[in-house]
Amino acid sequence: QVQLVESGGGLVQAGGSLRLSCAASGRAFSSYAMGWFRQAPGKEREFVARIRMSGTTAYTDSVKGRFTISRDNAKNTVYLQLNSLKPEDTAIYYCAAGRGGRDYLRIVEYDYWGQGTQVTVSS
């Protein structure tokens, strides 16, 4: 069992930055792929970024060059650095953990989810 708690969301102006954190409890954090997803009002939850156990990363096209995912296995924490934020980045951001998947780009490949943290970008 893995419990995930996100933090770091907030209200920021366009062009600003935020750093989201996701603290994991439970064992074997390093054996999980970690992902960030987001859900805007009235829209489906979508993939944002993921980092494999090996450290390799992937991003959705709309955030490439602006967002950076990283992990600290010693602290059981995964981060998402959000730079050059845009109003369209406004959403609830969710952290997720998964094992046994293939690409970890899809919701179904994740076993555990956090409660989410709100990111609001004003224009």
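Observations on the structure shown:
- For region 54-82 versus region 109-123, the inter-centroid distance based on Cα atoms is 14 Å.
- With all protein chains kept in place, the per residue accessible area of the chain amounts to 51 square angstrom at a probe of 1.4 angstrom.
- Share of Cα-Cα pairs in region 55-99 lying beyond 17 Å, as whole percent: 37
- Based on Cα contacts under 8 Å between residues 6+ apart, the chain shows a relative contact order of 35 percent.
- Ignoring lysines fewer than eight residues from LYS75 along the same chain, the ones with Cα atoms less than 28 angstrom from its Cα are LYS64.
- If the segment from ASN83 to ASP103 were pulled out straight at 0.36 nm per residue, it would be longer than the present Cα-Cα gap by 4.7 nm.
- Set of region 26-61 residues, backbone N closer than 19 Å to the point 7 Å along the Cα-Cβ line of ALA14: 40-41
- Based on C-alpha pairs under 8 angstrom that are at least 6 apart in sequence, region 4-74 has a relative contact order of 20 percent.
- By accessible area, using a 1.4 Å probe on protein heavy atoms only, region 1-122 has 46% of its surface on carbon and sulfur.
- Coil-residue trypsin sites (Lys or Arg not before Pro) of region 77-123, DSSP, other Cβ within 10 Å capped at 14: ARG102, ARG106
- For region 54-61, the Karplus equation 6.51 cos²θ - 1.76 cosθ + 1.60, evaluated at θ = phi - 60°, returns couplings of 6, x, 6, 10, 8, 9, 6, 4 Hz by residue, with Gly and Pro reported as x.
- Estimated distance in nm for a label pair at THR60 and GLU46, the labels positioned 7 Å out from Cα along Cα-to-Cβ: 0.4
- Based on alpha-carbon atoms, the Kirkwood radius and the radius of gyration of region 27-123 give Rg/Rh equal to 0.95.
- Among the GluC sites (Glu not before Pro) in region 1-85, those placed in a DSSP loop whose Cβ has at most 16 other Cβ atoms within 10 Å are GLU44.
The values are calculated or read from the model by the stated rules, or taken from the named source; none is laboratory data. Since this is a predicted model, take the numbers as computed values, not measurements. Neighbour counts run over all protein chains shown; Cβ positions are idealised from the backbone, glycine included. SASA here: full protein model, heavy atoms, side chains in, ligands and nucleic acids out. Shrake-Rupley method; radii C 1.70, N 1.55, O 1.52, S 1.80 Å.
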